[in-house]
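Before any comments, here is the structure.
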Amino acid sequence: MGVHVAGLVAVGVFYLVILLTGIFASRKSKQVEKQCSGKKSEVTIVGGRNINVVIGVFTMTATWIGGNSIMGTAEVVYSPAQGLVWAFGPLAYFLNFFLGLFLAKPMRSKRYVTMLDPFQHRYGQLFTTAILLPALVCDILWVACILAALGGMMSIILDVSSTISIIISAAVSIIYTLFGGLYAVAYTDIIQLSFIFVCLWLCIPFMFLSPAVTDAPQTAHFNQSSFPSWIGEVKLEDAGKWTDDFLVMSVGGLACQALFQRILAASSSTQAQVTCFAAGGLAFILGIPSVIIGALATSADWNQTDYGLPPPYERGEAGNVLPLALSYITPSWMSVLGIGAVAAAVMSSMDSALLSSGSMFTQNIYKTTLRKQASERELQWVIRISVLLVGLAGTGLAFNKTSIIELWLLALDLLYCIIAPQLVCVVLLRSANCYGAISSYMIALLLRGLSGEPALGIPPVLLYPGWREEHGVIRQYFPFKTLIVLISLAAIYLISWLFQLAFTRHLIPQSWDVLDSFKKNMEAEVEEERPISNENKDFVLSTSF
């Protein structure tokens, strides 16, 4: 199979359109910056808090529908050992955004700029830095897995080097994110999400009409319950792992800066909540095509295609089943649209991850600790440099051959076990203090490390009930990640309560409050309850998207 020239041209045109849109958005961003004198960095991070519902829904949905979710969902449905019941993506997205409703109002009403702001206001700089580290690692892993998904697809459909496709795609996404900020991300998300929706759904009828799929009932595999194998099943001994993976994917995303960047960019708390709810429904709909493609690939007679036998799973290519299905079961021009959809999904998620890390580092580390007197121009350049570094780090990891779904879950794993319980408590639990937060953080980090991670080759020290050794690798089937989250939540509450009791009743001298935790909590409560004066309110932009 030679290089697909027409496909390369089509993808090139698409990339050019995205790049030009990003450049246009950067000019729009500069116009808005002139109207927000002294707050240019906030325009880059939260777009001047003037994103309307429609744009908010588009950009929030596009962030979650990435190349990793599109290809990862199809991989899980197609894999005989998993199937539809293990494809959490669509339902997990909806639950993720639904839970976001409960945090959207308190976060947006207090006019935070990043997800780390509540930690900084209540716990101080040291703990904020500790929270930033796993969030930064998550964004790098996120960039890596979505670029790896695109590289694998382009190498199959267009017959070009995955290395070249990864580098070019990363460069385009980094360039327009560098200079346009949230405006560039939001504008390009509109085009990207529209392209994803049309192309993926358009591929489905052609797959159904394919001779290889038309005759599929004669060759379909069925499990012991007489259901098609793509349905899958959850055995009793696997129920713990199923629960863990589902909660990691649905709750883990709740602690993602990319989510709160859109919540905090809404013009009001109500609008932020509406955006969350609508985005959840749209994300669920956009997850369905990947499920269908994975199911059709399971029942397809690959011997009737140029791919031949054995099928992808037996060749160890289950992770690339979506591009393989598009390439061999649909017409060639349709497979080009499919690669365009994945390319759009990759950039729509990658730019969000890049801006997420750049925003948190600049707002919560550089501006508050390293350079408190930094000018707005300097802050913007720090954001750009941060975006570039995270992009380069993620691009480097994208050449790893780890399963896309494993990288995807690993990225959310850190958010779920470490950050999610901390975020819920700092926003909703007024009695939480720095002593409880630090203790909980260390406990969760220690337990997660001792539990091992097969994707990174880390053997477990703690063996939970139901563990099994498979091909020389020990895998945990107990829902230990959820157990760590529950222990973390309990630790925050109990240790915070104990320290509060000890200091307020003078069981411990007030001078021993080395973290100034109770002083910080009192100041934070006063600040949160203080009414916002007119001169301190954000300038409401007259321009709109």
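The values are calculated or read from the model by the stated rules, or taken from the named source; none is laboratory data. Just so it is clear, the structure is predicted and the values come from calculations on it, not from any experiment. Neighbour counts are summed over all protein chains in view; Cβ atoms, including those assigned to glycine, are modelled from backbone coordinates with ideal geometry.
Structural remarks
Conditions tested, residue by residue: (1) surrounded by 10 or more Cβ atoms within 10 Å (Cβ to Cβ); (2) at pLDDT 85 or above.
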site	(1), (2)
Arg468	yes, yes
Leu489	yes, yes
Ala502	yes, yes
His506	no, no
Glu525	yes, no
Asp538	yes, no
Phe545	yes, no
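- Whether a residue is in contact with a helix residue (DSSP H, G or I) (Cβ under 8 Å, 6 or more places away or on another chain), buried (at least 19 other Cβ atoms within 10 Å of the Cβ) and either assigned to a helix (DSSP H, G or I) or in contact (Cβ under 8 Å) with a residue 60 or more places away in the chain (or both) was assessed, and Met334 does not pass this test.
- Scan of segment 304-357 for residues that are among the polar types (S, T, N, Q) and closer than 21 Å to Thr61 by Cα, ordered by number: Ser348, Ser349, Ser352, Ser356, Ser357
- Here Leu410 meets the list (1) assigned to a helix (DSSP H, G or I); (2) in contact with a Gly (Cβ under 9 Å, 6 or more places away or on another chain); (3) over 30 Å from Lys110 (Cα atoms) almost entirely, failing just condition (2).
- Apart from one condition, Leu202 fits all of (1) under 30 Å from Leu486 (Cα atoms); (2) assigned to a helix (DSSP H, G or I); (3) at pLDDT 85 or above; (4) of a type outside the set (Lys, Arg); the exception is (1).
- Restricting the first member to segment 499-510 and to residues that are touching a residue at least 12 places away in the same chain (Cβ under 8 Å), and the second to residues that are surrounded by fewer than 10 Cβ atoms within 10 Å (Cβ to Cβ), the beta-carbon pairs closer than 9 Å and six or more apart or on different chains are Phe503/Pro509; Phe503/Trp512.
- Tallying residues that are part of a helix (DSSP H, G or I) and out of contact with any Asp or Glu (no Cβ under 8 Å at 6 or more places or on another chain) within segment 466-514 yields 24.
- Here Thr44 passes the criteria (1) of a type outside the set (Gly, Ala, Ser); (2) closer than 25 Å to Ser194 by Cα; (3) at pLDDT 80 or above except the one numbered (3).
- Annotation for segment 280-288: no member residue is over 30 Å from Val185 (Cβ atoms) and in a helix (DSSP H, G or I).
- Any chance Asp139 is acidic (Asp, Glu) and surrounded by fewer than 21 Cβ atoms within 10 Å (Cβ to Cβ): no
- Of the residues contained in segment 159-170, none is found to be farther than 27 Å from Ile419 by Cα, of a type in the set (Val, Ile, Thr), touching a Pro at 6+ places or on another chain (Cβ under 6 Å) and assigned by TED's automatic domain parsing to the domain that holds Ala255.
- Odd one out for Ala170 among (1) at pLDDT below 80; (2) within 30 Å of Met360 (Cα to Cα): (1)
- Among the candidates Ala420, Ala411, Ala393, the residue that is under 22 Å from the mean Cα position of the chain (by Cα) and assigned by TED's automatic domain parsing to the domain that holds Glu237 is uniquely Ala393.
- Of all the criteria given as (1) buried (at least 21 other Cβ atoms within 10 Å of the Cβ); (2) more than 19 Å from Asp413 (Cα to Cα), the one not satisfied by Ser162 is (1).
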